[in-house]
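Asks: Got a structure for you, questions after.
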Amino acid sequence: QSMLFTDPNYQINADGRLSFDPTHMIKLQWTALLPLDVYLSGYFSHVSGDTYDRELAVSLPQDLVYILADERGHYRLPARTNLDLRLEKTFPVGGRRFSVMVDCFNVFNADTPTAVLTYAGPSFQEAAKLVNPRIFRAGVRVQF
């Protein structure tokens, strides 16, 4: 539920770019068959960062109100570049197929901020959330 229209003060500097505004986005997916019937799949994405605003906390007699110190969308998070890979080998066993797979997420181990602290002050623009670190996952699949 939005608080945007509950107080006229929330309309200060409300014009501008939306907070969720990934202006540019590139996504590529592929699969390649390697020797020994091993499949290599990949997912690459590059997304420009979302916008954010510097907020001021103003104490009014009836309430604490947060207003935008700059035009909406004045700041932008850094772009996120990601690569996920999967190696998969399938073995026929009887009338079934048995697959072994290994995934690697965030191959570049990027530590790109996905959110920052937006309240005006000494901690303004400090990273609040980062992209998940490089993660490996192993799995099996049985098809029958």
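Asks: Take Pro22 and decide whether it is assigned to a loop (DSSP other than H, G, I, E, B), surrounded by 14 or more Cβ atoms within 10 Å (Cβ to Cβ) and not polar (S, T, N, Q).
Replies: Numbers: assigned to a loop (DSSP other than H, G, I, E, B): yes; surrounded by 14 or more Cβ atoms within 10 Å (Cβ to Cβ): yes; not polar (S, T, N, Q): yes.
Answer is yes for this residue.
Asks: Taking Tyr66 as meeting all but one of (1) under 23 Å from Leu117 (Cβ atoms); (2) part of a loop (DSSP other than H, G, I, E, B); (3) open to solvent by 50 Å² or more (accessible area, probe 1.4 Å), write down the number of the exception.
Replies: (2)
Asks: Moving on. For Pro133, state whether it is under 17 Å from the mean Cα position of the chain (by Cα) and either exposed (fewer than 12 other Cβ atoms within 10 Å of the Cβ) or among the β-branched types (Val, Ile, Thr) (or both).
Replies: On the way: under 17 Å from the mean Cα position of the chain (by Cα): yes; either exposed (fewer than 12 other Cβ atoms within 10 Å of the Cβ) or among the β-branched types (Val, Ile, Thr) (or both): yes.
Yes; evaluated as a whole, the condition is true for this residue.
Asks: Let me ask something else. Tell me whether segment 100-117 contains one or more residues that are exposed (fewer than 13 other Cβ atoms within 10 Å of the Cβ) and either of a type in the set (Phe, Trp, Tyr) or part of a strand (DSSP E or B) (or both). It would help to see each step written out before you state the result.
Replies: Of all residues in segment 100-117, those exposed (fewer than 13 other Cβ atoms within 10 Å of the Cβ) come to 108-109, 111, 115.
Filter once more, so that each one left must be either of a type in the set (Phe, Trp, Tyr) or part of a strand (DSSP E or B) (or both): 108, 115.
Taking every residue of segment 100-117 in turn, at least one turns out to be exposed (fewer than 13 other Cβ atoms within 10 Å of the Cβ) and either of a type in the set (Phe, Trp, Tyr) or part of a strand (DSSP E or B) (or both).
Asks: Quick check, is Arg76 within 19 Å of Lys129 (Cβ to Cβ), of a type outside the set (A, V, I, L, M), open to solvent by 70 Å² or more (accessible area, probe 1.4 Å) and out of contact with any Lys or Arg (no Cβ under 8 Å at 6 or more places or on another chain)?
Replies: Considered against the rule, which asks whether it is within 19 Å of Lys129 (Cβ to Cβ), of a type outside the set (A, V, I, L, M), open to solvent by 70 Å² or more (accessible area, probe 1.4 Å) and out of contact with any Lys or Arg (no Cβ under 8 Å at 6 or more places or on another chain), Arg76 comes out as yes.
Asks: Anything in segment 45-55 that is surrounded by 16 or more Cβ atoms within 10 Å (Cβ to Cβ) and either in a strand (DSSP E or B) or touching a Leu at 6+ places or on another chain (Cβ under 8 Å) (or both)? List them, or say none.
Replies: Step one: of segment 45-55, the residues surrounded by 16 or more Cβ atoms within 10 Å (Cβ to Cβ) are 47-55.
Val47, Gly49, Asp50, Thr51, Tyr52, Asp53, Arg54, Glu55 - these are the residues of segment 45-55 that are surrounded by 16 or more Cβ atoms within 10 Å (Cβ to Cβ) and either in a strand (DSSP E or B) or touching a Leu at 6+ places or on another chain (Cβ under 8 Å) (or both).
The values are calculated or read from the model by the stated rules, or taken from the named source; none is laboratory data. These numbers come from a predicted model, not from an experiment. Counting neighbours? That spans all protein chains shown, and the Cβs are built from the backbone with ideal geometry, glycine included. Only protein heavy atoms, including side chains, enter the accessible area calculation; ligands, DNA and RNA are left aside. Shrake-Rupley method; radii C 1.70, N 1.55, O 1.52, S 1.80 Å.
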